[in-house]
Every structure is written in structure tokens, then in C-alpha cells.
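Below is one structure, written out as C-alpha cells; comments come after it.
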Amino acid sequence: MRVAFSHDWLNGMRGGEKCLEALCEAFPDSDIFTLFYEREKISSALAGHKIITSFLQRFPGIRAFYRHCLPFFPKAVETFRLEGYDLVISTSHCVAKGIRKNKNAFHLCYCFTPMRYAWGFFDEYFGKRSAVERAAIGFIMNRLKRWDAKSSGRVDHFVAISDHVKRRIEKYYHRHAEVVYPPADTDFFSPSADAAPEDFYLVVSALVPYKRVDLAVRAFNELGRRLVIIGDGPEKHTLQKMALANIQFLGWQPDETLRYYYRRARALIFPGEEDFGITPVEAQACGRFVIAYGCGGALETVLENKTGVFFKEPSAQALLEAVRRFETRDWRSEEARANALRFNKERFKTEMTRLIRDLMAKRSLGFAS
């Protein structure tokens, strides 16, 4: 059986790419179709697969300006030719699910979310633009929304990364989805007997508007507690200008450094609404705790008053009060670790391969376990 993966783009190893990597382990002879990629920024496991890119790979400056090419993404994904593949698995948060398969193939979409900027998150992404820019972007988004809804019909079966995303798929695509939680590397992200908690809090995030790292900066400006921010993105300069001396920006860091800080932080600050959110799971796997906005995927990965606390409003004041509540309680690292183990990689691979095997058996395409 020939298997093809469709992934939006490959320019880093974030949560989506780690899901793809785990699935590729289950299907080692598969090929990967993606709009564009940067070989040096993906794992050797992914780079070892045959990777087929779209015409966007040849665009000058695509690495730096790919976000500006969004209107071209639907056309780019539709140019792929998938003759000869029996199973297509799209891992999609943008356009990957819109790939065209041959009529006899089965297409399963592991959906990270319906396209966020088209469905209900316009202000989080584009709220700071001028009125003229917002009008132009709104026109493009309306076209993308229509394409996104129509292309969802190319998927034979949806699997969502969380109940939160499952509800979005039902709302926007009018399709049923099963839920299989993404994997966390709970072997690598683990507690250490040599790592005692230190007096600082941690943010691990892309520095983009919808992640709401600005709430953490404002709250910790007032609290005066030490805050370490790991991550990079277009909001970095703005956030640095806002931050006082107690807030430290480390930029992007490798997993070894990330684990070092997870193990020593008092808690991870998770201020945005996420579809799932892998960083709270990684922090808990290291025996640490989470202070999260009580919405979205965090409600499925954090146990309130056992492995973390929630704040109910997306405001700096609500986050500040949650930090103070967190500091009044005693916490048990073993509870955090046990909760994280629910999301380990082997569980993900087992659930996904079993689901695919059952679906393919129903299609009588001879899936071999």
C-alpha cells in the first residue's frame, strides 16, 4: 500500500511536525507533499522521506515572507498529483487537507484546526492593521473561507486533535470527527532529580499576536516576578519594548535547553486560546505545573488545582491573580507527570494506526498491520 502525507509546510519542528514525524514512523515508506520546506529546520527522520514541494518552493524569499503568499496556497496544494497512492493522510491547519487524491484512494485528515484566520480569529491575526488593509485582507479571507469549506468535502474521514477542534470541524465543515490527542515526547521531557525548582516562570511560544504573550508581559511587569520567554516571531520587538528588566527573552532554543527551563520553572504560563497546546503537556511531563487561560485545548490537558490553575478572562489582571492563587497552593510533581503520560507518543501511534487499519478494512483496500 502506498501512503502519501500532505502537510502545509515544513520550516520547523513544532507540534504539527512532531505529529507528522510520529505518523511517518508508523508508515516508514511514505512520501510527503508540502508547499515548501527548509531541510535544515526539520528532523532527520522527516528529511529521510521523499519530499515533494509545490511551485512556492521556487518563490524568491519564500522562507522569510511565506505568510504573505497565503492567497496562493489553495492553488499550490491543488497542483500536486497523487496517482498511485492508496492512502492520503493530511496533517492540516491551513490548506493541506485540500489536496486532490485519485478516486480510489482514501483520505484521512488529522486536523489541527480549521483555518483559524478565516474562521473566527480575524481580529487576533489582523486587528492591528489599517482599515484599508483590513478590508483587503477580509476580501481574501472570505475567498479562503469558501475554498476551505468546499475542499473539506475531499476528506473521507476527519480526526481532530482535541474535543475543542472537533466542535469547530462540526461547526464550520458540518462533518463528524473522532479525537486522537497529539503526542508529546514524555521520554525526553521528564523530571530530573538534579533539577530543583527556581524562582521564575516560563513562557514557551511563537511570538505572534494570537498567542497573547503580551498578557504575560503586562502581568509580570506588575508582579515583578522573573519571567523567561522562549520563542521567536514578529511580535518579539514589540514585546521587548513593553517588558521591564525582570523579563528575559531567550529567542528560539533547542529541546535540550527547553527541557532545562521546564524542569526548573515554578510553572509554565500559557496565556492564549490554543487548539491543543503541546507545551503544557511537555511542562507537566517534566513534573512542573501550568497557569493557563481557561479555554480551548488547555481544558483537556491541564487538571485544575492538581496540575495547574486557570484564569477565566484574557486579561493581564486575571493572569496576575491566577499566579497569586498558584503561589498559595502546594503542588505534587508526580501528579503533573502522571497526567502528561496520557499523551505519550506510543499511545498516539497505536490509536492512529488502529483507526486507519479499521477504516481501510471497511474500504476493503487490504490494509496490512
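Listed here are the residues, each with its yes/no results for (1) of a type in the set (Val, Ile, Thr); (2) surrounded by fewer than 15 Cβ atoms within 10 Å (Cβ to Cβ); (3) over 30 Å from Leu87 (Cα atoms).
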{"site": "Glu282", "(1), (2), (3)": "no, no, yes"}
{"site": "Ala298", "(1), (2), (3)": "no, no, yes"}
{"site": "Val309", "(1), (2), (3)": "yes, no, yes"}
{"site": "Arg337", "(1), (2), (3)": "no, no, yes"}
{"site": "Arg347", "(1), (2), (3)": "no, no, no"}
Quick test of your reading of the structure: Leu320 fulfils all but one of (1) over 20 Å from the mean Cα position of the chain (by Cα); (2) surrounded by fewer than 16 Cβ atoms within 10 Å (Cβ to Cβ). Name the failing condition by number.
(2)
Does Ala206 meet the test of being surrounded by fewer than 21 Cβ atoms within 10 Å (Cβ to Cβ), free of Cβ contacts under 8 Å to residues at least 40 places away in the same chain and either not in a loop (DSSP other than H, G, I, E, B) or not assigned by TED's automatic domain parsing to the domain that holds Arg14 (or both)?
no
Would region 134-153 turn up any residue that is buried (at least 21 other Cβ atoms within 10 Å of the Cβ), closer than 22 Å to Glu17 by Cα and touching a strand residue (DSSP E or B) at 6+ places or on another chain (Cβ under 6 Å)?
no
Determine if region 150-170 includes at least one residue that is farther than 29 Å from Thr353 by Cβ and in the same structural domain as Tyr85 (by TED's automatic domain parsing).
yes
Of those in region 1-53 that are in contact with a Ser or Thr (Cβ under 7 Å, 6 or more places away or on another chain) and more than 20 Å from Leu87 (Cα to Cα), the residue surrounded by the fewest Cβ atoms within 10 Å (Cβ to Cβ) is Met13
Kindly establish whether Asp187 is among the charged types (D, E, K, R) and crowded, with 16+ Cβ neighbours inside 10 Å.
no
Can you name the number of the only condition in (1) buried (at least 16 other Cβ atoms within 10 Å of the Cβ); (2) within 23 Å of Phe188 (Cα to Cα); (3) among the hydroxyl-bearing types (Ser, Thr, Tyr) that Tyr293 fails?
(2)
Any chance Ile62 is within 19 Å of the chain's Cα centre (by Cα), closer than 28 Å to Leu144 by Cα and of a type in the set (A, V, I, L, M):
no
Which pairs do you get when a residue that is closer than 17 Å to Glu38 by Cα and in the same structural domain as Arg143 (by TED's automatic domain parsing), found in region 56-82, comes within reach of a residue that is among the aromatic types (Phe, Trp, Tyr) and at pLDDT below 90, reach meaning Cβ atoms under 8 angstrom, with the pair 6+ apart or on two chains?
Leu56/Tyr66
Among the residues of region 226-255, write down those that are surrounded by fewer than 17 Cβ atoms within 10 Å (Cβ to Cβ), part of a loop (DSSP other than H, G, I, E, B) and modelled with pLDDT of 95 or more.
Leu244, Ala245, Asn246
Per the filter on region 30-44, residues more than 19 Å from the chain's Cα centre (by Cα) and at pLDDT below 95 are Arg39, Glu40, Ser44
Hey, any hits in region 159-172 for a residue that's in a loop (DSSP other than H, G, I, E, B) and out of contact with any Asp or Glu (no Cβ under 9 Å at 6 or more places or on another chain)?
no
Residues (part of a loop (DSSP other than H, G, I, E, B) and buried (at least 19 other Cβ atoms within 10 Å of the Cβ)) located in region 173-184:
Tyr173, Val180, Tyr181, Pro182, Pro183
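The values are calculated or read from the model by the stated rules, or taken from the named source; none is laboratory data. Just so you know, these numbers come straight off a predicted model, no measurement behind them. A quick note on method: Cβ atoms are made from the backbone with ideal geometry, for glycine too, and the neighbour counts reach across all protein chains shown.
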